[in-house]
Amino acid sequence: MGIPNEVRASAAVEQEMHFVGCLEARAMPRLQAQLAPGTDAAVDVDLRTDARAGWPRLHGTVSGELPVECRRCERSFAWPLRLTVDLRLVRSEDEERKALADADPLWVRDDRLMLRELVEDEVLLAMPMLPRCESCENAILSAPQASPVDAPSERENPFAALKQHFKDKSVK
């Protein structure tokens, strides 16, 4: 079964559906906007629904290589995506509160599970805010650290100085 846009959550959990497929980035407009200009990509999706853990859940993996632009040198590079998804399906605030203690809740409204939108959300959350290619990352990591001379000089605590001032006056 491919990755449908939407499924009935109750039926998916009851039938323990398995969704496997390749999802093109052009089908996910918010993700496409984050990729390097003029490039296209896809992610491999492998998701399952079940209630074996005692509650309805959606779990699996999303992986691929996404072409992103380095924020330092502006060259395009392949960013490896390896994402594990494990979400508890909830239908109320009470269920959400209970789930927060040990799981990531996913609100299911009107028995609709929006799979493609969910995959897009998860990928966007996993992406780096400021992607850097390996060369630029290594350059930043190997850059010399600030020398002690550049560090701000330690100031005397003003309260300690005031205390010392009153001590000196009382000795006189």
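Here, each number is a calculation from the coordinates, and none is a lab measurement. This one's a predicted model, so the numbers in the text were calculated from it and none came from an experiment. Cβ: placed from backbone, ideal geometry, glycine included. Neighbour counts: every protein chain shown.
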Residues Met28, Met114 in order from fewest to most other beta-carbon atoms within 10 Å are Met114, Met28
In degrees from 0 to 90, rounded to the nearest 10, what is the angle of the helix 115-126 Cα long axis to the longest principal axis of the chain?
-> 20
Determine which aspartates and glutamates satisfy two conditions relative to Lys98: a Cα distance under 19 Å, and not lying fewer than 8 residues away in the same chain.
-> Asp50, Asp86
Ser142 and Leu124 label points (each 7 Å along its Cα→Cβ direction) are spaced in nm at 3.7
Counting sequence-distant residues (5 or more places) and residues on other chains, those with an amide H built under 5 Å from that of Leu106 are Arg88, Leu89, Val90
The range 7-134: Cα Rg divided by the 2.2 N^0.38 Å rule of thumb = 1.17
Using the count of nearby Cβ atoms within 10 Å as a rough guide to exposure, how do Trp79, Trp55 rank from fewest to most?
-> Trp55, Trp79
